[in-house]
């Protein structure tokens with residue numbers, strides 16, 4: 001096997017294609033050489049593919065692959081947006097982190113250092129710091145001394161934590177002084193955001209944690225994972241008092257997302273069992289258990305105290321009334337499983353395994369009167385009584 005092909009396999013890691021024949025190996029080798037040639041000729045890889053300009057903003061971004069080994073645009077599985085909505089941080093399966101200008105899709109900075117899939121990124125606005133965790137077992141802090149995101153050119157990276165297992169989820173306390181991390185292990189750790197020093201470690205029977213969230217007052221930490229059990233640790237006068245979590249079996253599949261209500265009394269979860277559940281913590285009361293007729297649920301974000309957006313393996317974004325479970329709107333456009341949903345101002349931002357990042361202006365989307373549209377994958381799930389926005 002040519003050495004270049006072996007290097008490409010090592011670089012991409014999770015994308016080790018099966019090439020049983022010499023012909024297949026040669027084909028991949030020549031594709032790698034083509035990327036090297038384009039790089040030598042000075043092709044600009046700092047741009048992104050952007051579509052649908054409207055009111056000075058784009059509707060879609062497809063990030064460029066990394067030269068010289070990358071041949072595919074990355075699957076973005078984590079997003080973060082600045083408070084003013086001007087900058088977007090995107091990361092995923094090509095191990096890199098990109099800072100992108102929202103209005104144009106222009107790449108401002110490429111941050112490299114992780115050696116495996118980047119599972120989560122968080123943006124600390126005041127200190128212009130990005131936290132990221134990866135399958136490589138590291139949690140990194142990326143910092144810049146520039147006056148703003150646009151002029152920040154000199155970025156430094158430091159490893160706040162190096163563990164023996166993949167890190168899959170990350171949460172930041174509201175005061176941005178500490179963070180919680182979890183993954184393929186039996187512990188959830190809370191660490192200092194400046195030094196990485198351990199503050200508290202919680203024992204978690206689930207060895208595959210996929211989501212973490214702090215309540216708005218920072219006094220509760222929720223966790224969900226493969227066993228379908230919701231765990232909530234309570235922060236009282238001392239962290240020592242919070243060792244034993246509340247545990248409640250809510251789902252029959254892996255919990256993908258968990259979030260707190262504004263007052264911290266209710267937790268909303270979605271899971272691969274296609275259910276959305278609202279649970280009142282102290283009383284142990286299930287307020288809503290809504291079965292979603294569609295694919296496995298993978299992403300969720302609150303739009304306001306009542307509306308929530310969810311999405312997953314049927315490529316479709318649904319906006320639900322979280323109090324009664326009624327679907328009020330549907331956003332169609334992705335051609336792959338939707339991995340991430342975040343809210344930025346009046347925009348819902350989504351990323352998918354189709355390698356696109358899409359921007360949905362909620363005011364326009366919810367007012368649009370569209371005829372029912374049958375998506376290639378979710379067509380059999382279409383409800384003619386639900387309005388669709390087709391992108």
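Each reported figure results from applying straightforward, stated rules to the coordinates on display, with no laboratory input. Computed from a prediction, not measured in an experiment: that's the story for all the values here. Cβ: placed from backbone, ideal geometry, glycine included. Neighbour counts: every protein chain shown.
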Exercise. Can you put 86, 122 in order, fewest other beta carbons within 10 Å first?
Worked result: 86, 122
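Which length gain, in nm to one decimal place, applies between residue 216 and residue 154 when the Cα-Cα distance is subtracted from 0.36 nm times their residue separation?
Details: separation 62, 0.36 × 62 = 22.32 nm, distance 3.25 nm.
Extra length available between residue 216 and residue 154 comes to 19.1 nm.
Could you list 72, 353, 279 so that the one with the fewest beta carbons within 10 Å of its beta carbon is first and the one with the most is last? Before the final figure, lay out the partial values.
Numbers: 72 12, 353 19, 279 23.
The fewest-first ordering by Cβ neighbours comes to 72, 353, 279.
FRET efficiency for residue 194 and residue 86, Cβ-Cβ distance as r, R0 = 22 Å, nearest 0.05? Walk me through the numbers before you get to the answer.
Values: r = 26 Å, r/R0 = 1.19.
So, using R0 = 22 Å, E works out to roughly 0.25.
Could you please rank 344, 78, placing first whichever residue has the fewest other Cβ atoms within 10 Å of its Cβ?
Details: 344 20, 78 24.
Going from sparsest to densest Cβ surroundings: 344, 78.
Relative contact order, percent, of segment 310-368 when contacts are C-alpha pairs under 8 Å separated by at least 6 residues? Numbers along the way, then the final one.
Numbers: 107 pairs, mean separation 14.9, N = 59.
It rounds to 25 percent for segment 310-368.
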